[in-house]
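My questions all concern the structure below.
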Amino acid sequence: MRGARVRFSPLASAPVLLLVAAASACGGSRAPFPLGPVPIAYADTLAIPEPEERERPEVPKILRAAFAGEISRVISPRSWLGTAHEAQNVTHFDDVVSSAWFEHRNGRDRMTPEEVHRGASTVTGPDTSRTIEVIAGKAQGISPGFTVRDARGDRYLFKFDPQGFLHLSSAAGVIANRFFHAAGYHTPEDYIVVFDRDRLRLREGSTITMPDFTKRPMAEDDISAVLDLVDSLPDGRYLAVASKFVPGIPKGPFYFEGVRRDDPNDHYHHEFRRELRGLYVVSSWLNHVDMRFANTLDAYVEPGYLRHYLIDFAASLGSGTIRPHNAREGMEYNFDFWPWLGRIGTLGFYTMGWEDREQEIIDPSLGWLPVEDFDPEDWKANWPNGAFVGATLRDKYWGAKLVASFTDEQIVAAVSAGQLPKQTARDTLAKVIQHRRDQVVRQWFGAVTPVENVEAGEGDDGTLEVSFDDLAIRQQIPDADDAAYAWAFKHSDLKRQWQGSARAEPGQVRQTIRIPNLRISAAGSGAGSPRDEASSTATLKITVQRTTGASSQAATVYLKWDGSRYTVAGLQH
């Protein structure tokens, strides 16, 4: 059943929140939140009437929206009350289902390095052995290029590297594309393409979009004018990113806030979608500072629904698309209210740490990508968006699990897709990405109790045993297995309540907590016996305490009692 859409305003909802809090304090029999309704996989792929195409705003509108978003972020109650609202589309086990937004890939069933290298590809790229028709030109924006059709009839967008930095944005874009696809997001097929100028033929009726967003008929000289702005390879050929047009009919971008009103499948406000909030962590890992609506696309696909794509990854890794990244990017928004106010108020004496940072570009094809100075907790995109700003610790831990799923071999495979000409550059970039992965994992796995794959069973002596995987140990975080698990079991309906602690088994990913006071075997008697037929839910809160840092936020396991045994019904981090 399709529910009504409700816009949530923290300020307007304050009285409601107070009433809810009061009701909670007074007790009640409502089920814990994680055991409520959950999303259904691919429920948002039902056939709908074809929506109208949403136009991409012009640059002045984009800037106005960006500044308005920043002001909204600053004055939001969340920024000064510290309030946060959890994602709405989560399952009982703190996950999301596959949908028109996201499909479980490497995080659930590990892909081979070859599959990561291939990405979303269905072919080997454009056919450059025959004539390539230029059907449109783009002279506006920061990355001019061509729309082409190859001899197979496939359409691509060709985009070029900035002069003096051959391979910079092309390699970064293709490599990041492979990671976002393997993580689970919908992406186009992106390829590195090398072609001869003589292969390009202007199709009759082609147009070119000018810097003022007007269009005019395209001439043969326009092709040469665009190619004159880019570097050729030593053999005279040209290199570009070829982004294949996605299946279906383009319907414009999606936004990171609100819903699309002409899409009946769009049930959740985008700022409350877990996969968009968790995207913050994946973007921080890959330094994709331009993750905003302008680099998204909705496509109307068969049998008639909108699929939501991330597109254009040129501003990732060390690339700022038209130049290497600078020290500010990833550290501060383009317009960041508080640093801006600090500089004004101190007549420029207030500075951020990045302003004194020395940038060393070790290779023009790699640009600049921080390693030791990378702080996953403080990373910022160039512009704020509602999903990133609203991301909670649970969302970021979920995103970190996507990042943690990539092995060193998979990272090397993704980097090879960028076709960097020097092996030393490939090796360096792979090591940097691996190091940033480890920083992301340490940050967000250390902030929660990263237990997964929880199971409940009966021990040899009839006591309750709860086993789980500790992902920090699985990821081989240093000293992660030098830990203790503080636990608190509570079953209010049956008046069962105990607490204790257990040491981690060194070197073992699978850990077990035993609750010795709780006997659930047929031989038991009293309040814990199987004669208690009540069907209700207990909670087991687990908090990991490691010697390398402070106690982490607890994980809550929900255990369903059926009168004779407990089964795991939910997990919340």
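The values are calculated or read from the model by the stated rules, or taken from the named source; none is laboratory data. All values derive from a computational prediction rather than experimental measurement. Because the Cβ atoms are built from the backbone with ideal geometry, glycine has one as well, and the counts that use them run over all protein chains shown. Please note that ligands, DNA and RNA were not included when accessible areas were found on the heavy atoms of the full protein model with its side chains. Shrake-Rupley method; radii C 1.70, N 1.55, O 1.52, S 1.80 Å.
Scan the helices (runs of 4 or more DSSP H) fully inside the stretch 374-429 and keep the ones with 1 or more residues being in contact (Cβ under 8 Å) with a residue 60 or more places away in the chain and within 14 Å of the chain's Cα centre (by Cα).
Ranges flagged: 386-390, 393-404.
Right, next: Could you give me the residue pairs with C-beta distances under 8 Å whose first residue belongs to the stretch 493-509 and is more than 16 Å from LEU464 (Cβ to Cβ), whose second residue is open to solvent by 90 Å² or more (accessible area, probe 1.4 Å) wherever it lies, and which are 6+ apart or on separate chains?
These pairs meet every condition: VAL509/ARG474.
Considering only residues that are modelled with pLDDT under 85 and either surrounded by 13 or more Cβ atoms within 10 Å (Cβ to Cβ) or within 30 Å of SER536 (Cα to Cα) (or both), which ones fall in the stretch 36-55?
GLY36, PRO37, ARG54
So ALA242 passes all but one of these: (1) part of a loop (DSSP other than H, G, I, E, B); (2) in contact with a strand residue (DSSP E or B) (Cβ under 7 Å, 6 or more places away or on another chain). Which condition number does it fail?
Against the list (1) part of a loop (DSSP other than H, G, I, E, B); (2) in contact with a strand residue (DSSP E or B) (Cβ under 7 Å, 6 or more places away or on another chain), ALA242 comes up short only on (1).
Now for a different question. GLU455 - would you say it is under 33 Å from the mean Cα position of the chain (by Cα), closer than 21 Å to ASP562 by Cβ and exposed (fewer than 15 other Cβ atoms within 10 Å of the Cβ)?
Against the criterion (under 33 Å from the mean Cα position of the chain (by Cα), closer than 21 Å to ASP562 by Cβ and exposed (fewer than 15 other Cβ atoms within 10 Å of the Cβ)), GLU455 qualifies.
Among (1) in contact with a His (Cβ under 8 Å, 6 or more places away or on another chain); (2) within 21 Å of GLY248 (Cβ to Cβ), where does GLN88 come up short?
Condition not satisfied by GLN88: (2).
Turning to a different aspect of this structure: Going by what's in this entry, would PHE165 be described as of a type in the set (A, V, I, L, M, F, W, C), closer than 30 Å to GLU452 by Cβ and out of contact with any helix residue (DSSP H, G or I) (no Cβ under 6 Å at 6 or more places or on another chain)?
Taking the combined requirement at face value, the residue does not satisfy it.
Separate question: Return the residues of the stretch 458-471 that are at pLDDT 95 or above and crowded, with 20+ Cβ neighbours inside 10 Å; say none if nothing qualifies.
VAL466, PHE468, ASP470, LEU471, listed by residue number.
Could you list, in sequence order, the residues of the stretch 299-354 that are open to solvent by 20 Å² or more (accessible area, probe 1.4 Å), under 22 Å from LEU369 (Cα atoms) and either assigned to a loop (DSSP other than H, G, I, E, B) or at pLDDT 90 or above (or both)?
Passing the criteria: ILE311, ASP312, ILE322, ARG323, ASN326, ARG328, MET331, TYR333, ASN334, PHE335, THR351, MET352.
Yes/no per residue for (1) in contact with a strand residue (DSSP E or B) (Cβ under 9 Å, 6 or more places away or on another chain); (2) more than 28 Å from VAL301 (Cβ to Cβ); (3) not aliphatic (A, V, I, L, M):
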position: PHE102; (1), (2), (3): yes, no, yes
position: ASN106; (1), (2), (3): no, no, yes
position: ALA120; (1), (2), (3): yes, no, no
position: GLN163; (1), (2), (3): no, yes, yes
position: PHE179; (1), (2), (3): no, no, yes
position: ARG197; (1), (2), (3): yes, yes, yes
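State which residue pairs qualify: first residue free of Cβ contacts under 8 Å to residues at least 60 places away in the same chain and inside the stretch 234-254, second residue assigned to a strand (DSSP E or B) and aromatic (Phe, Trp, Tyr) in any location, beta carbons under 7 Å apart, and separation of 6 or more residues or different chains.
ARG237/PHE195; GLY248/TYR300
Which of the residues that make up the stretch 202-214 are of a type in the set (D, E, K, R) and surrounded by fewer than 12 Cβ atoms within 10 Å (Cβ to Cβ)?
GLU204, ASP212
Quick check on this structure: which one of GLU271, GLU257 is in a loop (DSSP other than H, G, I, E, B), over 28 Å from ALA171 (Cβ atoms), acidic (Asp, Glu) and in contact (Cβ under 8 Å) with a residue 24 or more places away in the chain?
Just a single option satisfies the conditions, and that option is GLU257.
Let me ask something else about it. Within the stretch 280-298, how many residues turn out to be within 15 Å of GLY399 (Cβ to Cβ), in a helix (DSSP H, G or I), in contact with a Leu (Cβ under 8 Å, 6 or more places away or on another chain) and not β-branched (Val, Ile, Thr)?
Total meeting the criteria: 1.
A follow-up question, please. Tally time: how many residues in the stretch 192-201 are touching a helix residue (DSSP H, G or I) at 6+ places or on another chain (Cβ under 7 Å) and open to solvent by 10 Å² or more (accessible area, probe 1.4 Å)?
Qualifying residue count, the stretch 192-201: 2.
Hey, can you tell me all the residues within the stretch 367-384 that are of a type outside the set (Phe, Trp, Tyr) and within 23 Å of ILE175 (Cβ to Cβ)?
Matches in the stretch 367-384: GLY367, LEU369, PRO370, VAL371, GLU372, ASP373, ASP375, PRO376, LYS380, ALA381, ASN382.
Just to be sure I understand, how many residues within the stretch 491-540 are assigned to a strand (DSSP E or B), modelled with pLDDT of 90 or more and open to solvent by 60 Å² or more (accessible area, probe 1.4 Å)?
Matching residues across the stretch 491-540 total 7.
Listed here are the residues, each with its yes/no results for (1) under 30 Å from GLN443 (Cβ atoms); (2) open to solvent by less than 10 Å² (accessible area, probe 1.4 Å).
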site: ALA225; (1), (2): no, no
site: ASP231; (1), (2): no, no
site: PRO234; (1), (2): no, no
site: VAL241; (1), (2): no, no
site: PRO250; (1), (2): no, no
site: PHE254; (1), (2): yes, yes
site: LEU276; (1), (2): yes, yes
site: VAL282; (1), (2): yes, yes
site: ASP290; (1), (2): yes, no
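Restricting to the stretch 179-227, name every residue that is in contact with a Gly (Cβ under 6 Å, 6 or more places away or on another chain) and among the aliphatic types (A, V, I, L, M).
VAL193, ILE208, MET218
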